[in-house]
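What follows is a short report on a single structure.
The values are calculated or read from the model by the stated rules, or taken from the named source; none is laboratory data. Everything numeric in this text was worked out from a predicted model, so none of it was measured. Cβ placement follows ideal geometry from the backbone for every residue including glycine, while neighbour counts extend to all protein chains displayed. Ligands, DNA and RNA are stripped out before the accessible areas are found, and what is left, the full protein with its side chains, is counted by its heavy atoms. Shrake-Rupley method; radii C 1.70, N 1.55, O 1.52, S 1.80 Å.
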Amino acid sequence: MTELEKLDAGLEFCVLDKEVDARKQRAVLGCAKIEAAASEDERDAAIKELLGSTGGIVNILPGFHCDNGKNIHVGEDFLANYNVTILDIAPVNIGEHCMIGPNTLITTVGHPLSPQGRRKKLAYGKPINIGDNVWIGGGCVILPGVTIGDNSVIAAGAVVTKNVPENSVVAGVPARVIKNIEEAPEG
């Protein structure tokens, strides 16, 4: 298998591989295209070209970075605030009506714990799934393999290392549930 085939199969791969790097360079250019857009229509077109799929309303503010772009799938009414990074070597699925605060990192990539593996520049990816109506506060880190349930809130500065149940507020390092969200009556 090539390193790119290993990456796509969810196996350990070498980050220095030319095909792997070419994918990252395409994403770098796509992010730069979003930054350079002269109009809202140009920016929207650049976003839709970079990401794997989007809803109709997608707002990505300056400072956005990603590893691939095509592995990012966002639903309707999506906001990524300033300086959001999504390292999407594996799929990142984000539901509808989600907001991501500034300076947040969502990373599907991890590296071996062994020094030998890190010296070989090995990495692996695990998908991240974020439900509908999720608010991720500023300065958060979402680690590989995590699922965040619908209607949840990730408090500013939280480091999410494990799955978050729906209707939860999580905070801290590592993040833990601090509150359950009760559905407010409409009106």
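List of remarks:
- In the chain, a dipole from Cβ-located charges (positive for Lys and Arg, negative for Asp and Glu) runs towards its positive end, and of ASN180, LEU87, ALA37 it is LEU87 whose Cα lies farthest in that direction.
- Rg/Rg_ref, the range 51-95, where Rg_ref = 2.2 N^0.38 Å and atoms are Cα: 1.03
- Remark: spin-label model distance LEU113-ASN163 equals 2.2 nm, labels positioned 7 Å along the Cα→Cβ axis.
- Packing, taken as the mean count of other beta carbons within 10 Å per residue, orders the peptides 84-94, 25-35, 110-120, 145-155 from highest to lowest as 84-94, 145-155, 25-35, 110-120.
- Electrostatic tally near GLY69: other residues with Cβ closer than 14 Å to its Cβ, Lys and Arg +1, Asp and Glu -1, net +2.
- Values of log10 I(q)/I(0), in the order q = 0.10 Å⁻¹, for the chain under a Debye, Cα-only, solvent-free model: -0.41
- Within the chain, percent of DSSP bridges classed antiparallel, to nearest 5: 20
- Dipole moment magnitude, nearest 20 debye, the range 51-149 about Cα centre, only Lys, Arg, Asp, Glu C-beta charged: 760
- Within the accessible area of the range 40-164, the carbon and sulfur atoms contribute 55%, probe 1.4 Å, all protein chains present.
- For the range 22-175: lysine pairs under 21 Å (alpha-carbon distance), excluding those fewer than 8 apart on one chain: 11
- Local electrostatic count at ALA37 - Lys and Arg +1, Asp and Glu -1, tallied over other residues with Cβ under 9 Å: -3
- Excluding ligands, DNA and RNA, the accessible surface per residue across the chain is 52 Å² with a 1.4 Å probe.
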